[in-house]
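**Student:** The structure's right below; bear with me while I get my questions together.
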Amino acid sequence: MCIFAYNYILIILTNFKSKFILLSMIDKKMLKLGTERSAIRELFEYGNALKKEKGDGAVFDFTLGNPSVLPPEEVKASLVSLLSDEKIHCYTSAQGAENVRIAMADKLSARFGVNYSPDRIIMTVGAAASLAILFKALVSSENEEIIVLKPYFPEYKVFIESTGGKCVEVDFNEDDLSVNFDDLKSKINENTVAVVVNSPNNPTGLVYSDSDLRRLAEILEEKQRQFSHPIYIVSDEPYREVVFDGVTVPFVPKIYKNTIITYSYSKSLSLPGERIGYIAMLDDVDLAEPIYYACLGAMRSNGYVCAPSLFQRLVADLPEVYSDTKVYEKNRNTLLSHLEKWGYKCFKPQGAFYLFVKSPIESSLEFSNEAKKYGLLVVPADTFGASGYLRIATCVKPETVEGALPVFKLLADKFISKN
Ligand code: PLP
């Protein structure tokens, strides 16, 4: 009996020890990233489980930026016709098929009145890959820094830190969510290689004005002179076409020469699961050629080469059509009018499909947890660098908004009228 117990303990200890030794072989940073889901994903998965338990109608899920409108009709028609090309499923060049890049260069040049070369365009597996590749190409040592403007898409930090470089956050002005330019100036130093600009913005829906971008450009030009090296703007534009009230989104390369664009069709064509986007830079960007090749190297080393061939061809062939985003505008208007009436402090978005709201109580996490009890899922914006705020994705069906209104009212009665 005693021998059995001894052997049993020995087996447990050996297993524990070998598991412990084996675990130490796994990269800890990656293990942490993989096991700790983002706050958005965490809530989204919670919502899915809740829907299974209580039914779809009991959950008002405003978590993910997953477009609810279908892609335009032209997408389906084009895909069907592309499928009859027997080479459509073949590998393309790592940076995208040459005919695709030629078509993309022509389209972008005509649209923005500039001259893109096909050899400065890389077709990618969505904006996430565009950013990860570009950051890896730009950061060459652990001292180097990329600046993000709060509130910002949290994955920027993940991509920047995975290059070994530092992610530096710049504050925003609480009254209108604009960039705190004094803080920006104080954060730029000889190690700064880029500033990420995301307009229309996730999570605020803000579209940076021409004058704000010119001010940013002036600061960066001065700092480039001071530190004698380029400082790039990475203009992340997956929401460029999702705008309301006739707002136009300035074309950043015309305002600041050292701009590199990362783009995605996830939002503008409602194709997030198909993973297609690009990186584009004009020839006059400082070090354009080495940056381009370093991007190809980063793609190669990450294994992101050759974006889906069918979707490369789709976006190259498609005329300028985009998903109809009227429903997002309708949702924005419905939410704004009701939430403001009930005392929520909201920021009217000019684009993207998010409504940014000040949490009625200090802790946005606590508010989000309270909302969860009634099946209402809104994202605390702490991981966007904005604690005390909430992000509400408005790319949902209008029924979800209508169903959620009584819960927003109930929470307003509970937390706002008492203040
Ligand atoms: N950049 C921003 C600001 C986003 O909101 C997202 C996705 O939500 C991405 C990049 C990544 O987009 P993609 O689906 O193209 O990887």
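**Student:** Would you mind checking which residues have amide H under 5 Å from residue 259's amide H? H placed 1.01 Å from N; only 5 or more apart, or other chain.
**Tutor:** Distant-sequence amide H within range of residue 259: 233.
**Student:** Give the relative contact order (percent, whole number) for segment 104-223; include only Cα pairs under 8 Å separated by 6+ residues.
**Tutor:** Numbers: 136 pairs, mean separation 25.9, N = 120.
Averaging sequence separation for qualifying contacts and normalising by length gives 22 percent for segment 104-223.
**Student:** Hey, quick one: spin label on residue 363, modelled 7 Å out along Cα-Cβ, who in segment 36-65 has an amide N within reach, i.e. under 14 Å?
**Tutor:** none
**Student:** To continue, here is another question. From the Cα gyration tensor of segment 234-298, with a ≥ b ≥ c the square roots of its eigenvalues, which class applies: rounded if a/c is under 1.5, or else prolate if a/b is larger than b/c, or else oblate?
**Tutor:** oblate
**Student:** Right, something else. Could you sort out which of 54/373; 51/345; 32/54 sit more than 24 Å apart by Cα distance in this structure?
**Tutor:** In this structure, 51/345; 32/54 lie more than 24 Å apart at Cα.
**Student:** In the chain, which helices (entire DSSP H runs) extend 24 Å or more along their own long axis, judged by Cα positions, while averaging at least 1.6 on the Kyte-Doolittle scale?
**Tutor:** Membrane-span-like by this rule: not one helix.
**Student:** Using the structure shown, select from 348/397; 166/372; 150/348 the pairs with a Cα to Cα distance greater than 27 angstrom.
**Tutor:** The answer is 166/372.
**Student:** Using the Karplus equation 6.51 cos²θ - 1.76 cosθ + 1.60 (θ = phi - 60°), what ³J(HN,Hα) coupling, rounded to whole Hz, does each residue of segment 250-266 give in order, writing x for Gly and Pro?
**Tutor:** Listing the rounded values in order: x, 8, 4, x, 7, 9, 9, 4, 7, 10, 10, 9, 10, 9, 8, 9, 4 Hz.
**Student:** Can I ask one more? Before anything else, pin down the relative contact order of segment 179-304: Cα pairs under 8 Å, at least 6 apart, normalised by residue count, whole percent. All intermediate terms of the calculation are to be shown ahead of the outcome.
**Tutor:** Details: 150 pairs, mean separation 26.2, N = 126.
Over segment 179-304, the number comes to 21 percent.
**Student:** Now, a different point. Which value, in debye to the nearest 20, describes the size of the charge dipole of the chain about its Cα centre when Lys and Arg Cβ atoms bear +1, Asp and Glu Cβ atoms bear -1, and nothing else is charged?
**Tutor:** Computed about the Cα centre, the dipole is about 1120 debye.
**Student:** Modelled label-to-label distance, residue 32 and residue 186, 7 Å Cα→beta-carbon offset: nm?
**Tutor:** Distance between the two pseudo-spin positions: 2.7 nm.
**Student:** Please identify which residues in segment 372-411 have an amide N closer than 13 Å to a label point set 7 Å out from the Cα of residue 53, following the Cα→Cβ vector.
**Tutor:** Residues passing the 13 Å test: 372-376.
**Student:** Each label point is 7 Å from the Cα along the Cα-to-Cβ direction; what then is the distance between the points at residue 218 and residue 175, in nm?
**Tutor:** In this crude spin-label approximation the distance works out to 1.9 nm.
**Student:** Over the alpha carbons of the chain, what is the largest minus smallest coordinate on each principal axis, giving the biggest first in Å?
**Tutor:** The Cα atoms of the chain stretch 74, 67, 56 Å along the principal axes, largest first.
**Student:** Let me ask another. Once R0 is set to 51 Å, what does the formula 1/(1 + (r/R0)^6) return for the Cβ-Cβ distance between residue 83 and residue 372, expressed as a FRET efficiency to the nearest 0.05?
**Tutor:** FRET efficiency, residue 83 to residue 372: 0.75.
Throughout, read-outs are computed from the coordinates displayed, never taken from laboratory work. Computed from a predicted model, the values in this text were never measured in an experiment. In this analysis, Cβ positions are derived from the backbone assuming ideal geometry, glycine residues included, and neighbour counts consider all displayed protein chains.
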